[in-house]
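Have a look at this one before I ask anything.
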C-alpha cells in the first residue's frame, strides 16, 4: 500500500458510499458492521473480494481484537 487514500463521499439515496483510491483497491465501498463470529476470510468470500483488500482498506493486521463485533469496516462494492 502506498500509504495514502483519497476518499470522497457521495450520497446515493439514503445510503452513503465512499470512493476509495490507492492501495489494493480503487472504487466504491460500503460500510459493514461486524457481527459476532465474522472472519475476514468469510467476509471476503461473501462479498467477492480478498482478505488482502479488506486488510488494506481498513488498516487491519493479524490482531483478532481488531475484528470486534460492532466495528464498522469498508467492503468493496461489486
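The values are calculated or read from the model by the stated rules, or taken from the named source; none is laboratory data. Predicted model, so just to flag it, every value in this text is computed and none were measured. Here the Cβ positions follow ideal geometry from the backbone for every residue, glycine too, while neighbour counts run over all protein chains shown.
Filter region 46-77 for residues that are in contact (Cβ under 8 Å) with a residue 12 or more places away in the chain and in a helix (DSSP H, G or I); which is surrounded by the fewest Cβ atoms within 10 Å (Cβ to Cβ)? It would help to see each step written out before you state the result.
We begin by selecting, within region 46-77, every residue in contact (Cβ under 8 Å) with a residue 12 or more places away in the chain; these are 47-50, 52-58, 60, 67-77.
Now narrow it down to the ones that are in a helix (DSSP H, G or I): 52-58, 67.
Values: 52: 14, 53: 19, 54: 22, 55: 19, 56: 18, 57: 22, 58: 17, 67: 16.
Applying the filter and picking the extreme gives 52.
Could you list, in sequence order, all residues of region 41-59 that are closer than 16 Å to residue 70 by Cβ and modelled with pLDDT of 95 or more? Can you show your working first?
Restricting attention to region 41-59, the residues satisfying the condition of being closer than 16 Å to residue 70 by Cβ are 43, 58.
Scanning region 41-59 gives a single hit, 43.
May I pose another question? Quick check: is even one residue across region 24-38 at pLDDT below 80, surrounded by fewer than 17 Cβ atoms within 10 Å (Cβ to Cβ) and touching a strand residue (DSSP E or B) at 6+ places or on another chain (Cβ under 9 Å)? Before you say what the answer is, go through the steps one by one.
Within region 24-38, the first condition is being at pLDDT below 80, and the residues that meet it are 24-27.
Of the ones still in play, those that are also surrounded by fewer than 17 Cβ atoms within 10 Å (Cβ to Cβ) are 24, 26-27.
After this cut, where a residue has to be touching a strand residue (DSSP E or B) at 6+ places or on another chain (Cβ under 9 Å) as well, the list is 26-27.
Yes, the conditions are met somewhere in region 24-38.
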